[in-house]
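The values are calculated or read from the model by the stated rules, or taken from the named source; none is laboratory data. Just so you know, these numbers come straight off a predicted model, no measurement behind them. As a convention, Cβ positions derive from the backbone with ideal geometry for all residues, glycine included, and neighbour counts pool all protein chains shown. When the accessible area is computed, the model is the full protein with side chains, heavy atoms only, and any ligands, DNA or RNA have been set aside. Shrake-Rupley method; radii C 1.70, N 1.55, O 1.52, S 1.80 Å.
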Amino acid sequence: MHLSKMRGGGAEMSLNVQYIETDKLKPYEKNARKHKEKDIEAIMSSIQQFGFNDPIGIWGPDCLIVEGHGRLIAAQRLGMKTVPVIRLDHLTDEQRRAYALAHNKTAELSEWNKLALDVELSMLPMFDMAAVGFFDDAAFREQNIDVGGELEVDDFSDEQFELECPECGFRFNPED
């Protein structure tokens with residue numbers, strides 16, 4: 001399945017999703033990212049609720065995992081025999097190593113817009129967001145996210161955003 005085209009090294013290349021048997025994928029022994037049990041459980045819950053929507057990145061003839069170790073473990077525990085993958089064979093060995101680190105690090109760099117997150121979570125009562133890590137009290141205290149009490153607009157004065165009521169269309173901008 002063709003997903004998109006991107007430029008890499010001056011040449012145009014296609015990003016294609018393939019399905020490969022889980023037992024043919026080889027975890028990278030020097031993977032610097034480690035997954036705790038609760039991480040794997042959250043990934044499993046996400047796959048169960050939403051599907052396997054994030055292919056595992058693999059490299060070389062041995063199908064070495066570049067990114068997606070946690071997704072593989074979750075898929076195996078769920079009894080999945082095949083998983084979606086994308087080939088990263090256009091990378092050199094050095095690029096593969098650097099990309100694996102960059103892929104994981106860039107995810108850590110973003111922050112939550114706490115007010116918008118609270119609104120979004122409140123609009124998703126049908127989904128078990130706790131199972132994917134959103135209502136773990138320790139995690140929320142650690143991230144200083146308040147999902148239960150009143151939020152002070154002043155706490156978000158440096159953030160520019162506007163919220164819209166899905167029922168009536170009323171727009172709210174805390175800066176106004």
Kindly establish whether residue 71 is open to solvent by less than 50 Å² (accessible area, probe 1.4 Å), modelled with pLDDT of 95 or more, farther than 28 Å from residue 128 by Cα and part of a helix (DSSP H, G or I).
no
Whichever residue in segment 74-103 is in contact with a helix residue (DSSP H, G or I) (Cβ under 7 Å, 6 or more places away or on another chain) and part of a loop (DSSP other than H, G, I, E, B) and, among such residues, is surrounded by the fewest Cβ atoms within 10 Å (Cβ to Cβ)
81
Being crowded, with 20+ Cβ neighbours inside 10 Å and touching a helix residue (DSSP H, G or I) at 6+ places or on another chain (Cβ under 6 Å) is the filter here, so list the residues in segment 48-68 that pass it.
56, 59, 66, 67
Name the pairs: first residue in segment 23-42 and touching a residue at least 24 places away in the same chain (Cβ under 8 Å), second residue open to solvent by less than 90 Å² (accessible area, probe 1.4 Å) and of a type in the set (Lys, Arg), Cβ to Cβ under 6 Å, at least 6 apart or on different chains?
none
